[in-house]
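Every number here is computed from the coordinates shown, using simple stated rules; none is lab data. Bear in mind that the values here come from a model prediction, so they are computed numbers and not experimental data.
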Amino acid sequence: MTAPSLAMERTALAWRRTSLAATVCALLFAHEATTDSRRMVVLPLAAATVALLLACVGWLRGHALDRGHAGISDRPVATTTVAVAILAFIAVLSVLFNG
């Protein structure tokens, strides 16, 4: 294997880890929304939706890199950044409203 293909493989694995972590976060947010007896279930459900979007982006990008489609595109990175920022904002709102 050449150095660029190893770099693509490492990057694909990183995107897969991001996807897996986002899926676990989405499941935890969904669990919080279904087991919480409080009225505020919108925030965990919104966070779960954003986390699932992030999981899909990560999986698609990792799969594309596995197939050798490196493609110079900032869209997956920008989408990931926005998704993480939205999750952080939802987490702060959740603490403020439920805390």
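Our summary gives the chain a relative contact order of 35 percent, counting only alpha carbon pairs under 8 angstrom and 6 or more residues apart. Here the 3J(HN,Hα) profile of the range 5-20, calculated from phi with Karplus coefficients 6.51, -1.76 and 1.60 at θ = phi - 60°, is 5, 5, 5, 5, 5, 5, 5, 4, 5, 5, 5, 5, 4, 4, 4, 5 Hz, Gly and Pro shown as x.
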